[in-house]
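Scroll down for the structure; my scribbles are underneath it.
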Amino acid sequence: MNKAITEGLVLTPPAFVDGLDVWSSENGTPGSATYDNAVNAAFVPADQDFGGCLEILKTQTTTKLRWMGQTPILPGCYLRISTRVKVLSGSFPNVRIAGYPLNASDAPVTGLIELGTETVLDSYGEVIEVSAIVGTGNRGGVDMVWTPEVAYGHFGLDLTGSNGGVVRVEDFTIEDITSAFLRDMISVVDVRDFGAVGDGVTDDTAAFEAADTAAAGRVVLVPGGTFRIASNLTVDSPVRFEGTLTMPDTARLALIRNFDLDSYIDAFGDEVLAFRKGFQALLNYSDHDAFDMCGRRVELDGPIDLQAAVNNQTDFLVRRVVRNGQFYALDSANWDPDVVTSNGSYNPANPYQLTNVPNIANIQPGSQITGTGVGREVYVRYVNVGANSLTLSQPLYGPAATQSYTFTRYKYMLDFSGFTQINRMTLSDIEFQNNGRSNSILLSPAGENFMVKDCFVIKPRNKGITSPGRGCQDFHLDRTQFISNEQGLAATDRVSVGFNVNANDAKIRDNRFQRMGLTAVMHGESHLLVGNHWFQGDEVPDGPRVPGMVFTYENVSTVITGNYIDNNIIEWTNEHDATPDFANEFSFGGMTITGNIFRAQDVASWHNWIVIKPYGSGHFLSDFHVNGNTFKAIKGNIDRVEGVDDSFAGLDYWQMRNVTFERNTFASVSQRTISPVSLEFEQNTNATTWTLDPSAYLPFGGNAREVVGVVTEGEILNGSGTAVYYTPAVVPNAGTEYKYVQLKWPEPVRGKVRLTVRVDKPV
């Protein structure tokens, strides 16, 4: 790419790995301070985006970084200085390419522009490329116009704005781009000049490669016609399409300078094919980490099988991003689900297998399984036709040894299920317009760190985002809105599901779920749900409410904080347990519900916001905390905020430990739930045994298990009216249902006490 006058010159500075003693924190001149052993900088050998790079803590109003090497400035020559940066933590600074001009006598040349355009950094971890062009001519696109008296410059970057940010900087590139300003003869290279025919039959691959080589930075023109490209093609130069390409499905097109959906649509003339080819290139080349849809709408009459689009890879473990566009479902029978009914055998000792399935070849991976004893959101993870067996995403809690099952394969706009594993895939700023016809995203059966952020999932037919296996490990769902296609239906009639999780460590943050049938089914543990709003109300007077967020693992180790839980239920079950009876394992525990807003409007009085539903006997509750929440009913009272659904079994109240219900607020709730609860009791008649009833306050109908305090208020009087100063014996778990507390005195007395009682043993 260099002009003849710069051939042989080494323009690009050395990599940071070669030492920081040639990188100045001033203007780059000899004797200036360097970053070698600087307290605010260090070399990072293995950054996931940059490899080796420099990490800087911004501590000055303008933090400078300059190469101390002398980059020559030659008349008629234009240089581009570029690097990539990202912010790790702290305050967000601004960044710009900068230089310091000096003459042949090593004296600074003043009065010149020394700065490129400033870029605002406003997202942690986002890789931003910054660049600037310096040259001796006042041309469009030149950021720093330097006069001929400048002999050389010291180049690097400035960090400006707020202090305290930690920024990583990739190795710099300085390249001669004079050909972009001084044309050889014309500004474009026509592929026809290198033998391309454009008849749709002749293989024009070699002609395109020759034109790209000759362009040397100029635009490659693809004129009108249909150009057959028979094998993989990489175009390094900018390209302009007037004609279109035709390629085999297995051949890959990499448009290095035009890697976006607009360019691929220009190349192929079909927006669905263009997206498939762009995604294929995204997973096959390392030149780009993201495919920009440029705000374009892609109309779909059926699912996109993304593994089939890529074709040559069955797993992908490197970060990639698809962003900034819309998928729109057309009316088509291709969206109709495929439904198969078949018998199968199940053994709880082999909980993830369904065996002896007769017509197994008709059952597709990714199908939802329904039938007696099958929990919600259970899917076919793998199909083994030879063995007549299926691998399940979750165990079944109570089917017959052999019975009939229904397998429903829903259709999704973006279907990743053909991959065996996908890691670190990000979908950002995408609108899924399902129009009640399609579903949005089907994950791969294995993988981790799949991210969906700043998206809209609008009117899915049945499902928003589905995980058919463990491709949801460390799943991130951020700032995404789900809008139901069933908003006019009663809550009990809706069938849609926002998303499901089978694995651990999901982060669900700042999302909005609008009147889905069920917001989510979450198995696994160590989940974080922060700042979300899920609401599932309807227009039915005094209507029942259904589960919104369902947790199906007993010891869930999950935090639910700062959410708005509106007209639905947090339901906690063990429906994905092949042996649901308690058997010396973890039981229900490890959940913290704090700082949330619970709201219900015009609901049945028996509505509860928090419900535990054991699918087997012997289970209990431990390490469970509901603190600092607001519970509010509108247009009618509800009885209480929590309950147990004992359709299958109840709870063992004798095993409850470390359960608190504290510092919550209640509005239009007839009975507050508090534990430990401090209550005032007054005995008006003399008695040796006072029976006190705190049970209405205790969570989930539990026992008055432990008394942690008894304080008399005023005098305790005996039958003669004389004050006595006894300490009563305390009997918790009194009564036939163990809900009372008894105080036993040496003689009949009357008076007032304050009792503090817990539903659990704290340790």
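The values are calculated or read from the model by the stated rules, or taken from the named source; none is laboratory data. Quick caveat: nothing in here was measured; it's all calculated off a predicted structure. Positions of Cβ are generated from backbone atoms using ideal geometry, with glycine treated the same way; all protein chains shown enter the neighbour counts.
Observations on the model:
- Total residues in the stretch 637-651, condition of a type in the set (D, E, K, R) and either free of Cβ contacts under 8 Å to residues at least 24 places away in the same chain or surrounded by 16 or more Cβ atoms within 10 Å (Cβ to Cβ) (or both): 3
- Being under 23 Å from Pro148 (Cβ atoms), in contact with a Pro (Cβ under 8 Å, 6 or more places away or on another chain) and at pLDDT 95 or above is a property that does not hold for Leu9.
- Residue check, Val374 more than 30 Å from Arg296 (Cβ to Cβ) and assigned to a strand (DSSP E or B): no
- Cβ-Cβ distances below 6 Å connect the following pairs, each with a first residue in the stretch 153-166 that is assigned by TED's automatic domain parsing to the domain that holds Leu115, a second residue that is assigned to a loop (DSSP other than H, G, I, E, B) and among the polar types (S, T, N, Q), and a separation of six or more residues or different chains: Asp158/Thr62; Thr160/Thr62; Ser162/Ser91; Asn163/Thr59; Gly164/Ser91; Gly165/Ser91.
- The strands (runs of 3 or more DSSP E) falling completely within the stretch 618-712 that include 3 or more residues that are under 28 Å from Tyr553 (Cβ atoms) map to 621-627, 642-644, 657-662.
- Taken over the stretch 243-276, the residue count meeting the criterion of being of a type in the set (Lys, Arg), within 15 Å of His288 (Cβ to Cβ) and not in a loop (DSSP other than H, G, I, E, B) is 0.
- A single entry from Gly165, Gly153 fulfils the requirement of being out of contact with any Lys or Arg (no Cβ under 7 Å at 6 or more places or on another chain), modelled with pLDDT of 80 or more and closer than 30 Å to Arg84 by Cα: Gly153.
- Among residues of the stretch 510-536, those that are in a strand (DSSP E or B) and either under 19 Å from Arg599 (Cα atoms) or touching a Leu at 6+ places or on another chain (Cβ under 7 Å) (or both), counted: 11
- Selected residue [in contact with a Gly (Cβ under 9 Å, 6 or more places away or on another chain), surrounded by fewer than 18 Cβ atoms within 10 Å (Cβ to Cβ) and part of a strand (DSSP E or B)] from Leu755, Leu717: Leu717
Here's the yes/no breakdown for (1) touching a Leu at 6+ places or on another chain (Cβ under 6 Å); (2) surrounded by 17 or more Cβ atoms within 10 Å (Cβ to Cβ); (3) farther than 26 Å from Leu306 by Cβ:
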{"site": "Ala349", "(1), (2), (3)": "no, no, yes"}
{"site": "Ile363", "(1), (2), (3)": "no, yes, no"}
{"site": "Asn384", "(1), (2), (3)": "no, no, no"}
{"site": "Ser389", "(1), (2), (3)": "no, yes, yes"}
{"site": "Gly398", "(1), (2), (3)": "no, yes, yes"}
{"site": "Thr420", "(1), (2), (3)": "no, yes, no"}
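- Residues located in the stretch 594-607, provided they are under 16 Å from Ala667 (Cβ atoms) and under 29 Å from the mean Cα position of the chain (by Cα): Asn596, Ile597, Phe598, Arg599, Ala600
- Residues that are in contact (Cβ under 8 Å) with a residue 12 or more places away in the chain and in contact with a helix residue (DSSP H, G or I) (Cβ under 9 Å, 6 or more places away or on another chain) do occur in the stretch 392-409.
- Evaluation of Phe291 against (1) hydrophobic (A, V, I, L, M, F, W, C); (2) surrounded by fewer than 22 Cβ atoms within 10 Å (Cβ to Cβ); (3) under 29 Å from Leu317 (Cβ atoms) (one fails), failing number: (2)
- Within the stretch 577-617, the set of residues being assigned to a loop (DSSP other than H, G, I, E, B) and either among the polar types (S, T, N, Q) or within 17 Å of Leu518 (Cα to Cα) (or both) comprises Thr579, Asn584, Ser587, Asn596, Ser605, His607, Asn608, Trp609, Ser617.
- Residue in the stretch 619-631 that is more than 24 Å from Ile674 (Cβ to Cβ) and at pLDDT 95 or above present: no
- Restricting attention to the stretch 257-267, the residues that are touching a residue at least 24 places away in the same chain (Cβ under 8 Å) and under 28 Å from the mean Cα position of the chain (by Cα) total 4.
- Strands (runs of 3 or more DSSP E) fully within the stretch 36-142 that include at least 2 residues being among the basic types (Lys, Arg) and either touching a helix residue (DSSP H, G or I) at 6+ places or on another chain (Cβ under 7 Å) or at pLDDT 95 or above (or both): 63-67, 78-89.
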